[in-house]
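Worksheet: the structure to be examined is printed underneath.
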Amino acid sequence: MTKALVYIGLGSNLSTPKAQINTARVAINSLVGVCEQAFSSLYRSPPMGPQDQPDYVNAVMAINTDLSALALLRCLQQIELDHGRERKDERWGARTLDLDILLYGQQMIDQPDLCVPHYGLAKRAFVLYPLQEIAPKLVVPGLGRLSKLLVSCPLDGLERLD
């Protein structure tokens with residue numbers, strides 16, 4: 001299998017979010033068949049959904065991998081579990097770690113377990129701005145240039161952390 005350039009969104013708002021993001025980065029990097037290409041700054045963003053939860057810390061990571069999209073998804077889900085993630089019915093609730101495959105090469109994937117490009121990518125500042133930092137010329141399959149997506153995506157309280 002040829003290597004794919006993959007973008008992964010990382011988010012956390014429980015149990016020392018910065019540390020969760022940093023240890024997840026190490027865990028992703030340690031997967032067989034994965035090589036980190038870039039990592040964005042950390043960003044603070046207000047929560048989506050219920051507002052009675054802490055702000056999130058987010059980042060985007062670019063990797064090269066020869067893992068299939070579904071194999072990578074299973075690995076990321078295991079990393080989430082290893083970081084104390086509890087899967088609940090509540091959407092957009094607080095979590096120790098959330099790892100999303102945002103883009104998998106130029107593929108468009110629509111399967112029950114995985115939708116790529118990630119379904120919320122075009123509307124989420126906490127995804128688009130970190131993506132722009134590490135891949136400013138990116139063209140998102142089916143959606144167009146990242147620069148055009150950013151024009152209609154306000155910061156919505158997103159703040160880059162030092």
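The values are calculated or read from the model by the stated rules, or taken from the named source; none is laboratory data. No experiment lies behind these values; they were computed from the predicted model shown. When we count neighbours, we look across all protein chains shown, and the Cβ atoms used for this are built from the backbone with ideal geometry, even at glycine.
Things to note:
- When region 1-26 is filtered for residues that are within 15 Å of the chain's Cα centre (by Cα) and over 20 Å from Val127 (Cβ atoms), the ones remaining, listed by number, are Thr23, Val26.
Per-residue answers, yes or no, for (1) hydrophobic (A, V, I, L, M, F, W, C); (2) within 22 Å of Gln37 (Cβ to Cβ); (3) touching an Asp or Glu at 6+ places or on another chain (Cβ under 7 Å); (4) at pLDDT 95 or above:
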site	(1), (2), (3), (4)
Ala125	yes, no, yes, yes
Pro130	no, yes, no, yes
Ile134	yes, yes, no, yes
Leu150	yes, yes, no, yes
Gly157	no, no, no, no
Arg160	no, yes, no, yes
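- When each of Arg160, Arg145, Arg95, Arg124 is tested for being among the basic types (Lys, Arg) and touching a Phe, Trp or Tyr at 6+ places or on another chain (Cβ under 6 Å), the lone residue that passes is Arg160.
- Among residues of region 57-71 being touching a Lys or Arg at 6+ places or on another chain (Cβ under 7 Å) and outside any loop (DSSP other than H, G, I, E, B), the one that is farthest from Ala4 (Cα to Cα) is Val57.
- Against the conditions (1) within 17 Å of the chain's Cα centre (by Cα); (2) touching a residue at least 12 places away in the same chain (Cβ under 8 Å), Gly142 satisfies every one except (1).
- Every listed requirement among (1) of a type in the set (D, E, K, R); (2) part of a loop (DSSP other than H, G, I, E, B); (3) modelled with pLDDT of 95 or more is met by Asp113 save one, (3).
- Scanning region 55-78 for residues that are more than 14 Å from Ala24 (Cβ to Cβ) and at pLDDT 95 or above turns up Ala62, Asn64, Thr65, Asp66, Leu67, Ser68, Ala69, Leu70, Ala71, Leu73, Arg74.
- Of all residues in region 79-110 being within 15 Å of Ala24 (Cβ to Cβ) and among the aliphatic types (A, V, I, L, M), the one that is modelled with the lowest pLDDT: Leu81
- Which listed residue, of Ile109, Ile79, Ile101, is in contact with a Cys (Cβ under 7 Å, 6 or more places away or on another chain) and either under 27 Å from Pro54 (Cβ atoms) or surrounded by 13 or more Cβ atoms within 10 Å (Cβ to Cβ) (or both): Ile109
- For region 15-54, taking the residues that are surrounded by 15 or more Cβ atoms within 10 Å (Cβ to Cβ) and assigned to a loop (DSSP other than H, G, I, E, B), the one that is modelled with the lowest pLDDT is identified as Met48.
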